[in-house]
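Remarks on the structure that follows.
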Amino acid sequence: MPSARRYFGTDGVRGEYGGAVMNEDFAWRLGAAAGRFVLENGGTPGAMVLLGRDTRGSGASLERAVAGGLKSAGLSPQTGGIVPTPAVSLGVREAGAALGVVITASHNPASDNGIKFFGPRGTKLSDGQEARIEELLPAAAGEPWSGPLATSDLAKPYMESAQRLLGPGALGGWKIVLDTAHGAGAETSRGVLAGLGAELVLIGNQPDGQNINDGVGSQHSEALCEAVAATGARLGIAHDGDADRCVLCDETGAPLDGDEILVILALDALARGRLGGNELVVTVQSNLGVDAAVRAAGGRVVRTSVGDRYVTERMQADGATLGGESSGHVVCADVAPTGDGLVAALKVIEAMRTSGKRLSELRQGLKKFPQLSLALKVREKRPLETLATLPVAIRAVESELGDRGRVLVRYSGTEPVLRLLVEGESDAIVSTMMGRLSMAARNDLNVFP
């Protein structure tokens, strides 16, 4: 079970910029604590730390604050500037850095920002490591970094690594719609796909510091799908703000989520004998149809808690090479040590080229169970086990569904939200069960309208 932490959620520390947590003073303290953590765990004074950020206007100031904290602990920060999160992850692993830091709030609006860390292997820190960093937080902040930060080119090696997946000219004659959410992948994903010969239709490629994820990107695929249908493109690709997510659209203009992408990649890898351990790792959020599809092809599915770092931890433990989340975090461990939206898209394109099938055909490998989800904004995340009505309702619904469905109720790790999910044999059953759970939750919790 995840360790108790005060500031870290499922993907780093995140909050409204200028608020109680996401401000320059706290960023400095967090950088100093991370530096102390590195030295406590065998790092040497002067060790290199690689930093990157997305396109939010608050990113540069927070980056300088984190760098100041790292310097106070005796480490040497270098910045890659605006780059995708997976570029920092890859850079840490390839350069032998002691730590990677990304200033990003991922798919959140521009008013938010966040900080997440990567260890020397390019993977996210564990719950216990994050809890220890919180213990090492100094009581007060010092001075942010002054003068120019040393730079490290993280974009070029990242792009070169991605391009090697398909080879020169592999996408000649391919029209692709690319939506980079006005985020960190605006230049890198465009450069890689264009470098492979694709004709691109661009959406969300004009970041101005305030428009990241604003009506575009992986959370808002409507414009992507409309553009694919209108231009006759073979597919559409959408990232989130830091480009570690991938959502696709097939040639008919219909969107694909992370579960569909994972099944396409798993079935392709199984057919070619390339799925490590014949295992796909997903979270409890993924549709039950994923299990059925992979099992029918001779593989197996293992589930973890929600959060791509729990997926990567299980992948490492089991020797698995593929895993991810229904949200579009896809980890192809044979290529990248963390979720990578561009790599996931290129891997799907590789499956299309190998099979000769259109994306609308490949997606048929997953037959989803009817599923309904609901996000209730709450004023307080009261422990579920202390509530009077909701736990009783959950047990009753689970008993009625049996092995023909499932229920998932959890608080978001990054937002003041209670998430409800129900799967079952029919839309009618799912709708009825969700109504019961929602009513119980509203009885117990102070829910926003």
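The values are calculated or read from the model by the stated rules, or taken from the named source; none is laboratory data. Here the structure is a predicted model, which means the values were calculated and not measured. Here the Cβ positions follow ideal geometry from the backbone for every residue, glycine too, while neighbour counts run over all protein chains shown. For the accessible areas, the whole protein counts, side chains as well, though only heavy atoms, and no ligand, DNA or RNA atoms are used. Shrake-Rupley method; radii C 1.70, N 1.55, O 1.52, S 1.80 Å.
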Looking only at segment 300-309, which residues are open to solvent by 10 Å² or more (accessible area, probe 1.4 Å) and assigned to a loop (DSSP other than H, G, I, E, B)?
-> Ser305, Val306
Identity of the residue in segment 310-327, modelled with pLDDT of 95 or more and small (Gly, Ala, Ser), that ends up surrounded by the most Cβ atoms within 10 Å (Cβ to Cβ) | Gly323
Condition met for Pro138 (open to solvent by 10 Å² or more (accessible area, probe 1.4 Å), modelled with pLDDT under 95 and not in a helix (DSSP H, G or I)) = no
If you scan segment 340-370, which residues turn out to be in a loop (DSSP other than H, G, I, E, B) and either modelled with pLDDT under 95 or not small (Gly, Ala, Ser) (or both)?
-> Asp340, Lys357, Arg358, Leu366, Lys367, Lys368, Phe369, Pro370
Could you run through segment 416-445 and say how many residues are over 23 Å from Ala292 (Cα atoms), open to solvent by 40 Å² or more (accessible area, probe 1.4 Å), touching a residue at least 40 places away in the same chain (Cβ under 8 Å) and not in a helix (DSSP H, G or I)?
-> 1
Matching strands (runs of 3 or more DSSP E) fully within segment 9-108 where at least 2 residues are open to solvent by less than 10 Å² (accessible area, probe 1.4 Å), farther than 25 Å from Tyr411 by Cα and not hydroxyl-bearing (Ser, Thr, Tyr) | 48-53, 99-103
Which one of the conditions (1) open to solvent by less than 70 Å² (accessible area, probe 1.4 Å); (2) within 30 Å of Lys175 (Cβ to Cβ) does Lys368 fail to meet, given that it meets all the rest?
-> (1)
Residue hits (segment 265-291; crowded, with 21+ Cβ neighbours inside 10 Å and assigned to a strand (DSSP E or B)) are Leu280, Val281, Val282, Thr283
Hey, among the residues in segment 403-413 that are open to solvent by less than 40 Å² (accessible area, probe 1.4 Å) and out of contact with any helix residue (DSSP H, G or I) (no Cβ under 9 Å at 6 or more places or on another chain), which one's modelled with the lowest pLDDT?
-> Gly413
Within the set of pairs 6+ apart or on separate chains, which have a first residue in segment 156-182 that is under 14 Å from Cys246 (Cβ atoms), a second that is assigned to a strand (DSSP E or B) and open to solvent by 20 Å² or more (accessible area, probe 1.4 Å), and C-beta atoms under 6 Å apart?
-> Ile176/Leu200; Val177/Val201; Leu178/Leu200; Leu178/Leu202; Asp179/Ile203
Please tell me if Thr338 is out of contact with any Leu (no Cβ under 7 Å at 6 or more places or on another chain), under 27 Å from Arg190 (Cβ atoms) and of a type in the set (Val, Ile, Thr).
-> yes
